[in-house]
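The values are calculated or read from the model by the stated rules, or taken from the named source; none is laboratory data. Predicted model only: the values in this text are computed from it and were never measured. Calculation scope for accessible area: heavy atoms of the full protein, side chains included, ligands and nucleic acids excluded. Shrake-Rupley method; radii C 1.70, N 1.55, O 1.52, S 1.80 Å.
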Amino acid sequence: EIEIAKIERYLRGKFRNTGIAIEGRKNKNDSAEVTLDGEFIGVLFKDEDDGETSYDLHMTILDIDLE
């Protein structure tokens, strides 16, 4: 989708990493999966409120990943 491609391009530029990819989720229309070099890193949600659109990237970091 064009919208996903725009957000993906934005994130790649912002984080200077072309390994970021966004793909729609099966059976879900309100969110998409975000991966980095093929590894799942978070979920992207779209929010439309009062005529404005925003996107929320939810990323969970496990304590075991910090070691």
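Roll a 1.4 angstrom probe over the protein heavy atoms and tell me the percent of accessible area of the chain that is carbon or sulfur. Provide the component values of the computation, followed by the final result.
Details: 2690 of 5750 Å².
So the carbon and sulfur contribution to the accessible surface is 47 percent.
Please work out the average accessible area per residue across region 1-46, using the 1.4 Å probe convention, and give it in Å². Write out the running numbers ahead of the final one.
On the way: 3570 Å² over 46 residues.
So region 1-46 comes to 78 Å² accessible per residue, rounded to a whole number.
Over all distinct alpha-carbon pairs, what is the Kirkwood Rh of the chain in angstrom?
Working: mean 1/r = 0.0777 Å⁻¹.
One decimal place: 12.9 Å for the Kirkwood radius.
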